[in-house]
Amino acid sequence: MGCRVILEAHVRSRRKFLENAVALGAGTALSSAQGTLAQVAPPQPAGADVPLAVPPWSRKPGAPTGSHPYGAPSSFEKNVVRSVRPTDKQYISSSSRTPLQDLDGILTPNGLFYERHHGGVPDIDPARHRLLVHGLVAKELLFTVDDLRRFPSVSRIHFLECSGNPGYDVHGKTAAEANGLLSCAEWTGVALKTVLEEVGLQPGARWAVAEGADASGMTRSVPIEKCLEDALLVYSQNGERLRPEQGYPLRLLLPGFEGNMSVKWLRRLHITDTPAFSREETAKYTDSMPDGTARQFTFYMEAKSIITAPSGGQRLNAPGFVEIRGIAWSGRGKVARVEVSVDGGDNWHDAALQDPVLTRAVTRFRFPWRWDGGPAVIQSRATDETGYVQPTLEALLAVRGVNSGYHNNAITPWRIASNGEVSNARL
């Protein structure tokens, strides 16, 4: 009898503790630049006679170890995939976009990293692949992948973004469609500077013309200063060897530069005193200006940000507390500040930056907000460590005009309807 009394007293004490905890949670208010926020709805306390249900997956053994020799996501995440524009007529020279709205953290899983190809994805035998470094060098050398892996390795986290992300006539219904030609990874390889020191640069070396081994023969000219600053010859991504669509077995990585310059399936570096003026840097990847001139060699991707939650295609279930979340990045260095507006740009408030804040890498930001259930337009703008501030589309077009398809880093506004549906405010 004594044990039963003690047990009942323990249950009553435990129940009282839970009730007090719930009451405390319900009475806690959150504050922001807008003042006191609505209380977050607390979890419902479990009734005394309603135990935690035992789900069916707890009643039998699961799949055995080794069922998936290469790990796969949960079947419940099957819709988290890269998106391809349905308007594309063929997919040899095309792209697929990272589902930014479905991701957390700053690293993009390899299977969701955006793609951009000009001649399809080649199937390259790494044992037969070679990199030639020649031209204005002391000694021309031909490297195997194993040769390059003998050099001191370097691992760094950097974003990669297509300069056509998103273009000026495509704004997208979702964050993926609006800015999904952006991803971020930990890259491992050898510093290009190390390899250039091995071959020896001659006086007059000003450019490195990089050529890929794909069917398009993608060729871009890289200033020698960038090659010696932070360029990498990459063979691994997020801890594993490059995927074929990311340049297996070897690619060039130029942190902060437009994505197509980080030539995939790298087979040749020609050291010269002048740029190549290849197709991809004359007919393509130049910015046509309103006065008829063209901005050429606009390598750097400027500061940019986008709210990923809530964002297009999502829905707010009820008025109350919402944490606005998103990502920011800059090819010029670190993100210094992100501001959020919840009234269409009339007022701006500082968002919190989430560690780590790295140079030329994606940075997460968050901002607490109370949605009152009425229509609203939310947007973000980034400022990098150089002081550059992300512009509105109107400000960008006033300078660049409408003839260019590249380097659109304008603010993306999301419209929230009274029923909670979120859509691109420009569509």
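Annotations
Each row is one residue, and each column tells you yes or no for (1) closer than 30 Å to TRP414 by Cα; (2) modelled with pLDDT of 95 or more.
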| residue | (1), (2) |
| --- | --- |
| PRO55 | no, no |
| THR65 | no, no |
| HIS68 | no, no |
| ALA72 | no, no |
| THR87 | yes, no |
| PRO99 | yes, yes |
| LEU103 | yes, yes |
| ASN110 | yes, yes |
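- Subset of region 83-120 (residues that are small (Gly, Ala, Ser), assigned to a strand (DSSP E or B) and open to solvent by 30 Å² or more (accessible area, probe 1.4 Å)): SER83
- Per this entry, SER423 is not counted among residues that are in a loop (DSSP other than H, G, I, E, B) and touching a residue at least 40 places away in the same chain (Cβ under 8 Å).
- Test: residue in region 129-142 that is touching a Leu at 6+ places or on another chain (Cβ under 6 Å), without any contact (Cβ under 8 Å) to a residue 40 or more places away in the chain and assigned by the TED database to the domain that holds PRO203: yes
- Qualifying residue in region 68-79 (condition: in contact with a Phe, Trp or Tyr (Cβ under 8 Å, 6 or more places away or on another chain) and not assigned by the TED database to the domain that holds GLY172): no
- Condition met for THR412 (in contact with a helix residue (DSSP H, G or I) (Cβ under 6 Å, 6 or more places away or on another chain), outside any helix (DSSP H, G or I), touching a residue at least 12 places away in the same chain (Cβ under 8 Å) and buried (at least 18 other Cβ atoms within 10 Å of the Cβ)): yes
- Any chance GLU211 is in a helix (DSSP H, G or I) and among the charged types (D, E, K, R): no
- Any hit, region 336-355, residues being open to solvent by less than 60 Å² (accessible area, probe 1.4 Å) and touching a Gly at 6+ places or on another chain (Cβ under 7 Å): no
- Test: residue in region 155-163 that is among the charged types (D, E, K, R) and surrounded by fewer than 17 Cβ atoms within 10 Å (Cβ to Cβ): no
- Note on region 239-342: enclosed strands (runs of 3 or more DSSP E) holding 3 or more residues that are of a type outside the set (A, V, I, L, M) and touching a residue at least 60 places away in the same chain (Cβ under 8 Å) are 266-272, 304-309, 320-329.
- Summed over region 260-283, the residues that are open to solvent by 10 Å² or more (accessible area, probe 1.4 Å) and over 14 Å from VAL121 (Cα atoms) give a count of 15.
- Scan region 121-154 for residues that are open to solvent by less than 50 Å² (accessible area, probe 1.4 Å) and in a loop (DSSP other than H, G, I, E, B) and the total you get is 7.
- For region 155-164, residues that are in contact with a strand residue (DSSP E or B) (Cβ under 6 Å, 6 or more places away or on another chain) and outside any strand (DSSP E or B) total 1.
- The residue that is nearest to TYR70 (Cα to Cα), counting only those in region 214-238 that are part of a strand (DSSP E or B) and out of contact with any Phe, Trp or Tyr (no Cβ under 7 Å at 6 or more places or on another chain), is SER236.
- Qualifying positions in region 170-187 - modelled with pLDDT of 95 or more and surrounded by fewer than 20 Cβ atoms within 10 Å (Cβ to Cβ): GLU186
- Exactly one residue out of TYR91, TYR70 is closer than 18 Å to GLU177 by Cα and not β-branched (Val, Ile, Thr), and it is TYR91.
The values are calculated or read from the model by the stated rules, or taken from the named source; none is laboratory data. Worth saying up front: this structure is predicted, and the values here are computed from it rather than measured. Backbone-built Cβ (ideal geometry, glycine too); neighbour counts: all protein chains shown. Ligands, DNA and RNA are stripped out before the accessible areas are found, and what is left, the full protein with its side chains, is counted by its heavy atoms. Shrake-Rupley method; radii C 1.70, N 1.55, O 1.52, S 1.80 Å.
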